[in-house]
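Values in this text are rule-based calculations from the coordinates and carry no lab data. Treat the numbers as computed from the prediction; the structure is a model and nothing was measured. A quick note on method: Cβ atoms are made from the backbone with ideal geometry, for glycine too, and the neighbour counts reach across all protein chains shown.
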Amino acid sequence: MACPAASLLTHAARAFAALLFAAVTGLHASAQEPTTREMNLLGWQEFAELVPARIETVLLPTGTLEAHGVLPNGSDNVAPEAMARALAARLNALVAPTLNYGVTGDLDAFPGTFRVSEAAYEAFIEDVITGLAGNGFLNIVVINGHGGPQTAVLNRVAARVGREYRVRTLVTNWWTLASDITFDVFGEDGGHAGNNESAYVQAIVPDRVHPDRYEPDMASASVAGATPYPFPSSIILYQAGQGYPTFDAEQARTYFERVNQRMGDVIEETIRLWDLAGLFR
């Protein structure tokens with residue numbers, strides 16, 4: 001458990017670093033763009049100049065490798081990573097390396113699918129989020145691309161780290177936040193590897209989406225009262241008869257842009273409200 005005194009020192013150090021940076025470099029330097037917003041590509045010296053004095057927010061994409069109809073197995077990684085990159089400048093954030101392995105559920109029998117146990121994932125993700133807090137980020141935003149039990153693990157860990165280290169955490173699931181956009185764009189509900197996810201991924205890597213391999217029989221919805229293992233379809237419709245992929249390039253671009261706008265709005269407003277309340281400052 002974190003010592004309260006240590007937490008206070010951490011935030012005092014963060015505040016002092018911000019004041020010192022502003023005094024030394026002035027407003028002109030603080031307005032300059034970083035050379036990159038990818039943590040993977042930053043050197044330690046530039047990172048030290050940016051965090052936390054100029055950048056307080058980090059976006060952490062999380063996903064998994066699992067079957068997605070005629071989409072890449074890594075669609076749950078490709079989507080949140082693209083969102084993070086699209087939003088980083090708007091939110092004045094850095095993008096942490098994507099966590100590509102996750103808690104895959106009943107699709108783990110499909111080729112190329114990987115599964116990490118909940119216990120192993122929880123321990124690992126807690127160390128990652130704790131590390132982001134320890135490196136000076138005040139706002140830690142998880143952009144999650146995979147549902148099931150992984151969402152519950154992320155919610156639990158993010159709250160625990162936020163409380164212990166006095167940082168602000170937000171876990172987002174884009175398909176839920178954009179459910180109304182799915183209805184607006186497609187006129188019906190979506191699904192795992194359905195119209196919504198297929199469109200978003202198509203907008204990012206169109207050459208890795210294979211409509212020529214698609215057949216409607218590849219898609220099915222869950223049936224109340226029946227729980228098969230493994231799940232027989234890698235396209236899982238939220239509602240029976242709705243959510244079949246369209247593979248329409250114009251719909252894909254529209255959906256991609258509107259989802260990114262919604263995600264940015266939600267994250268931006270959450271940070272604004274945190275700041276308004278003066279939480280953990």
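Table for the structure above
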{"read-out": "Efficiency of FRET from Cβ geometry, Q261 and V205, R₀ 25 Å, rounded to 0.05", "value": "0.75"}
{"read-out": "Residue order, fewest to most beta carbons within 10 Å, for D184, D76, D108", "value": "D184, D108, D76"}
{"read-out": "Candidates G243, G225, G194: whichever shows maximal mean-square fluctuation once the chain is modelled as a Gaussian network with Cα springs under 10 Å", "value": "G225"}
{"read-out": "Span-like helix ranges in the chain, DSSP H, alpha carbon extent 15 angstrom or more, Kyte mean at least 1.0", "value": "4-31"}
{"read-out": "Average projected area [Cα convex hull, segment 54-277], square nanometres", "value": "12.5"}
{"read-out": "Segment 64-130 versus segment 143-200: alpha-carbon centroid distance in Å", "value": "11"}
{"read-out": "Helix-only [θ]222 nm of the chain, DSSP H runs n ≥ 4, -39500 (n - 2.57) each, per residue, nearest 500", "value": "-15500 deg cm²/dmol"}
{"read-out": "Simple Cβ-charge dipole of the chain, Lys/Arg +1 and Asp/Glu -1, about Cα centre, in debye nearest 20", "value": "1060"}
